[in-house]
Amino acid sequence: MEAFHRFTDETRARLQRNDPLELGLEVDFGRQTDFDPYTKEGRARCEGDGLLIGRCTTLKRLKLACLNSQHKNEETVVCFEAIFRGIAQNRSIEELFVDGYGPAPLTSHHPHVHDLTLFLILAPLFEHNHNLRRIRLHLGSMFPEGNAQLFAAIGKCSSLTDVDFNAHVSNCENYGGEFIAALANRRKILRKLSLKECYHSWNECSDLEDLIRYSVRELDLTDNAIDDRGAAVLGRVLGGRTTLKTLAIRS
């Protein structure tokens with residue numbers, strides 16, 4: 001478990017002074033008690049918090065946790081969006097962690113509010129932060145439908161070398177395949193790729209083949225539905241030209 005500084009008044013002051021946070025910063029949307037979406041002052045504070053993160057030039061690691069908290073509703077999403085708009089301005093973050101673990105997806109109780117809008121707000125961070133080299137997306141039950149725009153934004157990240165993607169879905173949606181396709185244009189720089197519980201449709205793996213052949217050195221395909229077709233793809237790649245040094249396959 002990686003350690004982070006919690007979002008407190010002390011860390012707010014350090015962000016204001018542009019002091020380095022050695023462990024990075026964690027914004028836990030499930031535990032944060034001072035995000036008050038029901039008052040004008042509370043909403044303004046959320047916007048200010050986002051700008052503190054966005055304008056800090058010494059922040060290198062950021063974790064956004066519990067984005068599918070059971071406490072979310074239309075009012076709290078407004079606060080989350082305000083924070084995300086500020087974060088999207090940051091150009092110094094090198095490592096971004098998004099953990100969406102929680103008891104239930106927002107859309108199960110509030111079908112008119114979508115998690116996807118939060119991610120789309122972050123698109124400028126992916127597209128214009130040329131220091132961002134590592135992304136971990138562990139999205140749990142919050143994984144949104146219509147994710148092509150999010151994937152496209154991540155695929156435009158020009159400095160990305162390390163990707164850890166865990167969809168945590170148990171159906172047959174081809175989330176892994178869509179994500180791999182978005183990363184295809186990063187095949188010259190991507191070095192480490194983890195795709196867990198994506199249940200990738202292994203009959204169309206040309207993009208993954210290219211990544212394995214030309215850039216990826218470490219590949220983790222733990223807990224995926226790899227059938228005979230997937231095994232054939234991996235065998236074909238491993239039998240020819242490849243940059244791969246480490247391969248993990250566990251079910």
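Quick notes on this structure:
- Here's how it looks for residue 28: its modeled amide H is under 5 Å from those of 7, 65, which are all 5 or more places away or on a different chain.
- Listed peptides 154-165, 226-237 by packing density, highest first (mean Cβ within 10 Å): 154-165, 226-237
- Segments 84-94, 9-19, 126-136 sorted - mean Cβ within 10 Å per residue, highest first: 84-94, 126-136, 9-19
- Residue 247/residue 2 FRET efficiency (R0 22 Å; Cβ-Cβ; nearest 0.05): 0.40
Read-outs throughout are calculated quantities, based only on the coordinates presented, and are distinct from any laboratory measurement. Keep in mind that what you see is a predicted model, and the values were worked out from it rather than measured. When we count neighbours, we look across all protein chains shown, and the Cβ atoms used for this are built from the backbone with ideal geometry, even at glycine.
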